[in-house]
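In what follows, a single structure is set out as structure tokens and then discussed.
The numbers here are math on the coordinates, done by the rules we state, and not lab data. If you're wondering where the values come from, they're calculated on a predicted model, not measured in any experiment. Backbone-built Cβ (ideal geometry, glycine too); neighbour counts: all protein chains shown.
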Amino acid sequence: MTTLYNPVLNGFHPDPSVVRVGDEWFLATSSFEYLPGIPIHRSRDFENWELIGHVGASPETFGIADVPTAGGVWAPTIRHHDGVFHLVITVAMGRGMLHFTATDPAGPWSDGDLIVGIDGTVSINGIDPDIAWDADGNVYVTYSGLILNGPEIGTHLGILQVRVDLENHIALEEPRSLWSGTGGQFPEAPHLYEVGGTWYLMIAEGGTERGHGISIARSTRPDGPFETAPQNPLVSARSTIRPVQNTGHGDLVVGPKGEWFCIMLGVRPRSMTRAFSALGRETFVSPVHWHENGWPTIDPVLLNPRPGTRLEVRFAPDEELDGEWLAIRRPVADVADLATRPGWLTLHGDGATMDDPHPVFLGRRQEHLTNRVTVTVDTSAGTGGLAVRFDERFHVEVEAGAGSITTRAMIGGLRQEWSRPFDGGVADLHIDSLKPEGATGFVSTSDIFHFAATIDGERVELGQVDGRFLSSETTESFTGRVIGLYAVAGDVSFHGWIAEGDDE
């Protein structure tokens, strides 16, 4: 029997889309301002998932070099048709609605073609596109009609659809309005399926926060009209005590034994009122059941985390960094220098701090609710350190160089710092995110950050920060915690990285 681990993908992996090809499954998720963009995971048993590549590694691919925070690479749909993988996406405040193709989902992928409206000039104005083919070869792009630019920016037109000439990437008609749910806010994430000769339109509604849910309708045609399912929403954690909240934005897929599943996003909140989700939106899964009346139901999402992990990274000039490393609005290759000092990863500071939209930063997603990271750093020729980032307005760090070690918390424009003298050279920097000591169900936070440095073999505690200030509810971020290395000035070298954690 398939073990349904939940989360399927730990840490910041929102807006999942999945496709089965033979006996393999391929999963794509959003990446926003981070590069490389759109991670692709593969499973051969529907239990274990491995990162096999990304759709794009350069800011030009998506047009995100200067994309505003909360913009960028939103909500992919991945499909397979006639031997080719197709992926459609909207880059919000970037290039617009794009179509990528590949014969191997590990890459390389195409450079992305802009899907334009019937006038042939500008991108279709909407988000969360889906792509589907009917038996006659017609291509349907169904999307959420959120206007992202112009005088009507922010206006939502519901779920829309156009037929598209996929060779020329141009709409063949004006958008038509489809079924837009049961009245919840922000109808989005549409996916269109033909199952047993019936077309099903599944969407998310209620907003991607606590009201999130999944609803469905059906029709005899891909362009409607659609009949609303009597049991909507199919799944939602709203007004429940379930440990996984915000469940929605899902995609249907057939599992290893012909059973159906829904891959979707959710969060794992903590605190007295379970108000703070430290890791942001993650990927979850739940069984789907089809009934005699032709309608599906989806089971509530059950929490079943994987065992804890420990990762130790040593840097070498002849070994590429693995695909989990992320940079912000710039390629990883433009940040990471493995050659200048063999055995070390060197970052070259350019004056940008973690407050900047383009910091010299290289990070990895925080994957566990309880988490410890240690790095060995040499700041004898520069200033930098170890940071946890949600965005440029919400981050915490421990920084060495210029005669001191400084712990800093930047919380929406409020800054707090603690410093102690440091003569420079090599030190171990630590950031641990831990449950509050003696925590009961009435603690009003997600976790506590503990900052420390080990200098000449002695560990020195530097300070603590309430972790709820770096949660998705506080920051209103669509991403999650990313922990990484950064440089502000000069050359800062890192000898190793150790990350370990669990979800107890």
Have a look at V285, I52, G349 and report the one farthest towards the positive end of the charge dipole of the chain, computed about the Cα centre with Cβ charges (Lys/Arg +1, Asp/Glu -1). V285
For the chain, the Cα convex hull volume per residue in Å³ comes to 147 Å³
Of all chymotrypsin sites (Phe, Trp or Tyr not before Pro) in segment 209-279, which ones are in loop regions per DSSP and have a Cβ with at most 13 other Cβ atoms within 10 Å? none
Would you please give the residues with an amide H less than 5 Å from that of A57, counting only those at least 5 places away or on a separate chain, with H modeled from the backbone geometry? G37
With a/c under 1.5 counting as rounded, go ahead and sort segment 17-298 into rounded, prolate or oblate using the C-alpha gyration tensor (a ≥ b ≥ c being the square roots of the eigenvalues; past the cut-off, prolate if a/b is larger than b/c, else oblate). rounded
E194 neighbourhood, Cβ < 14 Å, K/R = +1, D/E = -1, net charge -1
Treat the count of other C-beta atoms within 10 Å as a stand-in for reagent exposure and order I411, I216, I127 from fewest to most. I411, I127, I216
For segment 305-319, Karplus couplings with θ = phi - 60° (6.51, -1.76, 1.60), whole Hz, Gly/Pro x: x, 6, x, x, 10, 9, 10, 10, 10, 10, 8, 9, x, 9, 10
Dipole magnitude of the chain, debye to nearest 20 (Cβ charges: Lys/Arg +1, Asp/Glu -1, about Cα centre): 1200 debye
Which whole-Hz ³J(HN,Hα) couplings does segment 27-37 yield from phi under the Karplus relation 6.51 cos²θ - 1.76 cosθ + 1.60, θ = phi - 60°, glycine and proline marked x? 10, 10, 9, 6, 9, 6, 8, 8, 10, x, x
What is segment 346-428 by shape, rounded, prolate or oblate, if you read a ≥ b ≥ c off the alpha carbon gyration tensor as root eigenvalues and call it rounded for a/c under 1.5, prolate for a/b larger than b/c, and oblate otherwise? rounded
Treating only the Cβ of Lys, Arg, Asp and Glu as charged (+1, +1, -1, -1), what charge dipole size does segment 195-255 show about its Cα centre? Round to the nearest 20 debye. 180 debye
Mean residue ellipticity (222 nm) of the chain, computed from DSSP H runs ≥ 4 via -39,500 (n - 2.57), nearest 500: 0 deg cm²/dmol
Residues other than I405 with Cβ under 12 Å of its Cβ, Lys/Arg counted +1 and Asp/Glu -1, net out at -4
Please list, in order along segment 174-179, the HN-Hα scalar couplings obtained from phi with the Karplus expression 6.51 cos²θ - 1.76 cosθ + 1.60 (θ = phi - 60°), rounded to whole Hz, x for Gly and Pro. 6, x, 10, 7, 9, 5
Rounded, prolate or oblate: pick one for segment 433-504, where a ≥ b ≥ c are the square roots of the eigenvalues of its C-alpha gyration tensor, a/c under 1.5 means rounded, and failing that, prolate if a/b is larger than b/c, else oblate. oblate
Search the structure for amide H atoms under 5 Å from the amide H of L279, placed 1.01 Å from N in the peptide plane, and list their residues when 5 or more places away or on another chain. R268
Long-range amide H partners of G323, meaning residues 5 or more apart or on another chain whose placed amide H is closer than 5 Å, are none
